[in-house]
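Enquirer: The structure is given below, and queries will be raised subsequently.
The values are calculated or read from the model by the stated rules, or taken from the named source; none is laboratory data. Keep in mind that what you see is a predicted model, and the values were worked out from it rather than measured. With ideal geometry, Cβ positions are generated from the backbone for all residues, glycine too; neighbour counts draw on all protein chains shown.
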Amino acid sequence: MSSKERVVFLDRAAFTADDLPIPAFDHNWSEYPDTEPADVVPRLFWATTAITHECPINAEAIGQLHKLKRIVVTGTAAVDKAACEARGITVHRPSAAGIPGQILIALLEELNGHFNS
């Protein structure tokens, strides 16, 4: 069984390719320019890490995402924190200071080190 992280960015259009390069650690990366609420579960079904900028993730969706370990919120997305806590999913909101893409990459690499060590 693979322990490779599966990172899914639900609304990548919030960042340009220069702002946010794909992280270097060993993982599977999927990204979508934007995601409609009906597409959240299918897109995150196999994900271990979800990244969202403005796409909300509600309790109903969280209840169906059995592989999800963490959600990284880069913007104003609403995420049901109580549902996450009940499932042991951590929610990270990186600081707005600095260059957002670099902060996100650093956070993902740090999280990957913690969960795969």
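Enquirer: Out of Ile105, Ile71, I need the residue that is among the β-branched types (Val, Ile, Thr) and either modelled with pLDDT of 80 or more or in contact with a Ser or Thr (Cβ under 8 Å, 6 or more places away or on another chain) (or both). Which one?
Expert: Ile71
Enquirer: Can you find a residue in the stretch 61-81 that is among the small types (Gly, Ala, Ser) and within 22 Å of Lys4 (Cβ to Cβ)?
Expert: No, there is no match, as no residue in the stretch 61-81 is among the small types (Gly, Ala, Ser) and within 22 Å of Lys4 (Cβ to Cβ).
Enquirer: How about the stretch 57-81: which of its residues are touching a helix residue (DSSP H, G or I) at 6+ places or on another chain (Cβ under 8 Å), surrounded by fewer than 16 Cβ atoms within 10 Å (Cβ to Cβ) and assigned to a loop (DSSP other than H, G, I, E, B)?
Expert: Within the stretch 57-81, Asn58, Gly63, Gln64, Gly75 qualify.
Enquirer: Could you tell me whether any residue of the stretch 26-48 is hydroxyl-bearing (Ser, Thr, Tyr), under 20 Å from Glu109 (Cα atoms) and surrounded by fewer than 19 Cβ atoms within 10 Å (Cβ to Cβ)?
Expert: Yes, the stretch 26-48 contains a residue that is hydroxyl-bearing (Ser, Thr, Tyr), under 20 Å from Glu109 (Cα atoms) and surrounded by fewer than 19 Cβ atoms within 10 Å (Cβ to Cβ).
Enquirer: When you scan the stretch 36-54, do you find a residue that is touching a Lys or Arg at 6+ places or on another chain (Cβ under 8 Å), more than 14 Å from Arg6 (Cα to Cα), modelled with pLDDT of 95 or more and not polar (S, T, N, Q), even just one?
Expert: Checking the stretch 36-54: not a single residue is touching a Lys or Arg at 6+ places or on another chain (Cβ under 8 Å), more than 14 Å from Arg6 (Cα to Cα), modelled with pLDDT of 95 or more and not polar (S, T, N, Q).
Enquirer: In the stretch 1-22, what residues are assigned to a loop (DSSP other than H, G, I, E, B) and at pLDDT 75 or above?
Expert: Lys4, Leu10, Asp11, Phe15
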